[in-house]
1. Note down the nm distance, to one decimal, between modelled labels 7 Å out along Cα→Cβ at THR424 and at ALA252.
2. Not counting ligands, DNA or RNA, and with a 1.4 Å probe, what is ARG481's accessible surface area in Å² rounded to the nearest 10?
3. Grab the beta carbon distance between VAL289 and SER440, set R0 = 25 Å, and tell me the FRET efficiency rounded to 0.05.
4. Compute the Rg to Rh ratio over the range 355-474 from the alpha carbon atoms, using the Kirkwood formula for Rh, and round to two decimal places.
5. May I ask for the Rg/Rh ratio of the range 40-148, computed from Cα atoms with Rh as the Kirkwood radius, given to two decimals?
6. Calculate the spin-label point distance for LEU306 paired with LYS274, positioning each point 7 Å from the Cα along the beta-carbon direction, and give it in nanometres.
7. Report the net charge of residues surrounding PRO117, where surrounding means a beta-carbon distance below 12 angstrom and charges are Lys +1, Arg +1, Asp -1, Glu -1.
8. What is the range 285-332 by shape, rounded, prolate or oblate, if you read a ≥ b ≥ c off the alpha carbon gyration tensor as root eigenvalues and call it rounded for a/c under 1.5, prolate for a/b larger than b/c, and oblate otherwise?
Amino acid sequence: MTPGSNIPLSAARVTVDVAAPVRLDVSGLLLTGDGKVRSDDDFIFYNQPTGPGVSYRSGGGTAPDAIIVDTGAVPPGIEKIVVTASPDAAGQSFQGIEPTATIRNADDNSVLGTFTPPQLGAETALVVVEIYLRNGVWKARAVGQGYANGLAGIATDFGVSVEEPAPAPAPVAAPAPVAPAAPAPAPVAAPAPVAPVAPAPAAAQATDDGAYVTPLVRKLAAENGVDLSTVKGTGVGGRIRKQDVIAAAEAAKAAAAAPAPVAAAAAPAAVTAKKTPTLEASPLRGQTVKMPRIRKVIGDNMVKALHEQAQLSSVVEVDVTRLMRLRTQAKDSFAAREGVKLSPMPFFVKAAAQALKAHPAINARINVEEGTITYFDTESVGIAVDSEKGLMTPVIKHAGDLNIAGIAKATAELAGKVRANKITPDELSGATFTISNTGSRGALFDTIIVPPNQVAILGIGATVKRPAVIETEEGTVIGVRDMTYLTLSYDHRLVDGADAARYLTAVKAILEAGEFEVELGL
């Protein structure tokens, strides 16, 4: 299996084991449709080996640990089981270590598929594979998504906050007997018997000051370089929780990143003068030439779309400041790890595809002759690519199932094929939705045309810095922000203005939240 590929499961009970040259901690999480666990009981690992339809099996140190999934026993509402792995040694990354997940029939041990995530580096934990439900059929998908902040990053991403109950208090020693009064000096009383110390629960270990923490919290502290003896617990009885460790790690990062005080205010930098660009006259001036075939095909399709659809457009403004900062922070390590540059485009594709899952009217087709509507169960996104021969739209198949790295690689590969004239007809077909990045050439926004057999297209405008009103805890302020316009053109025969606004608002919310740290390994 390759990253992003999937296979149908031919067995109702499957085992997923993850092997590597080093000892790995393997776990499984049961996720609902929103990608979160319902409670900590849905996190299955060595210290909590059984859950609803999912169990953990230890390899005993000689064989790989495994997660066993009984799809028939998985409760309703659970749509995905992700299988994760992290090196047992604290702080060890997957650099030079190639883990391999093997999916087997749990009843006869036959192999259904294998997957080895490629190009691993700073990741200290992986979502290796996932078992997921699609249209009533259970499938397995190769993922290989890395987390630089270890198992704790995975737990945080999926909403896990495993904590153990506070240890039982030690029994109180009985008071020492009082010596009877006597004329002579009373004999010195024997020391009071020392109360036996209550053993720590099996799932927890003690810090130097006697506080107890769970294995997950201890691992989180090791991965983030946090000394637990310096952390004040906010849990019951002073227990250190996951949130306490995260807060301590963030405080340490903030202290390290704080700039040194400036002795005097620096003088404002001089504004760089802009020069008039040099424009060369085109050799086409004054010529009459035959229209290229591709230009004619594009033109015919656009006219057909405008004649057959009731098209209009809606626009929203998006603050992408956080997104652009994340990209700047991650682009070097991302390029080294994934082998492709990290442009802003994958973030927009990811947000657009994610929002399509909740807004089916935007990801649909009108079958005029049959009088029916097809709502697609996959998000295959066409990407408009400018080439010397004209505009072409290769398709990222199943973009809704890909992470940022998968989308970036697919975009780079398809754009490269278009510009090298190596794109195939299959790679140009099958889009259920299209994105056009006219902003890459400086346009603020564009009234793009919906392609035939689709009902909507998203246009991305140029990202520019401009003053914006910002609501903060201290009140309303004005700041310089990275802003962009998103335009949705849509077929009013199926999509109403309210539908378009709701979809755009969902995309805007995903982009402005900018919660991509985990996928970027930050």
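The values are calculated or read from the model by the stated rules, or taken from the named source; none is laboratory data. All figures in this text were calculated on a predicted structure; none of them were measured in a lab. Cβ atoms come from the backbone with ideal geometry, glycine included; neighbour counts cover every protein chain shown. Side chains are part of the model used for accessible areas, which takes the heavy atoms of the whole protein and leaves out ligands, DNA and RNA. Shrake-Rupley method; radii C 1.70, N 1.55, O 1.52, S 1.80 Å.
1. About 5.0 nm separates the two model spin labels.
2. In the full protein context, ARG481 sits at about 50 Å².
3. Numbers: r = 27 Å, r/R0 = 1.08.
In this case the efficiency is close to 0.40.
4. On the way: Rg = 16.5 Å, Rh = 16.0 Å.
Answer for the range 355-474: 1.03.
5. Values: Rg = 14.2 Å, Rh = 14.9 Å.
Rg divided by Rh gives 0.95.
6. 3.0
7. Values: positive: ARG337; negative: GLU98, GLU123, GLU338.
Taking every other residue near PRO117 into account, the sum is -2.
8. Values: a/c = 3.48, a/b = 1.77, b/c = 1.97.
It is oblate, given that a/c is not under 1.5 and a/b is not larger than b/c.
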